[in-house]
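Q: Before we start, here is the structure in question, set down as structure tokens.
The values are calculated or read from the model by the stated rules, or taken from the named source; none is laboratory data. Note that the coordinates shown come from a computational prediction; the quantities given were computed from them, not determined experimentally. Glycine also receives a Cβ, built like all others from the backbone with ideal geometry; neighbour counts cover every protein chain displayed. Protein only, heavy atoms only, side chains kept; ligands, DNA and RNA dropped before computing areas. Shrake-Rupley method; radii C 1.70, N 1.55, O 1.52, S 1.80 Å.
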Amino acid sequence: CRAGVTLAAERATRGAFHFPTSCCTEPAATMPPKTQQKTKEQKMAAALAGGKSKKKKWSKKANRDSAMNKVLFDEETFKRLEEEVPRMKVITVAGIVERLKVTGSLARKAIRYLEDEGHISRVVKHHNQHIYTRNTQAEADGEGEGAAEEN
């Protein structure tokens, strides 16, 4: 196009704006042909057909099954408590809930019971997070003396 070449020269003489009219020899861009519009009857039929689709469901969350944990110890669960829990390295309420499938309040009472019996010992107590560990054989032997000194 010649307009780009003469544009700089004409700006200097005339001003800042130059609108080329017939100087461009490039063909104009062709537009695609218009599509045929639908008639009123076709639009009405399309609207009626579209209403038969299923309604959108907004809730796509996965339904989580609520845990049905035990609220009381039966004989088998209590036996597992006395056998398995004192062998765990880290004993917490969450660990007992997960392993024995009991409620949190029952797990807390079980931990207190095992601590009173001398099967486990407390490592950390921070607010409501209590962490316990198993008693080793050396701690179990000297526990009578150590318990009196700590309290």
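Q: I want to confirm something. Restricting to segment 124-137 and keeping residues that are part of a loop (DSSP other than H, G, I, E, B) and over 29 Å from the mean Cα position of the chain (by Cα), which single residue is nearest to E82 (Cα to Cα)?
A: N135
Q: Across segment 78-123, what is the total count of residues that are in a loop (DSSP other than H, G, I, E, B), under 15 Å from T136 (Cα atoms) and open to solvent by 60 Å² or more (accessible area, probe 1.4 Å)?
A: Going through segment 78-123 one residue at a time, the tally reaches 3.
Q: For residues in segment 124-140 being in contact (Cβ under 8 Å) with a residue 24 or more places away in the chain and not basic (K, R), which is surrounded by the fewest Cβ atoms within 10 Å (Cβ to Cβ)?
A: Per the stated criteria, the residue is Q129.
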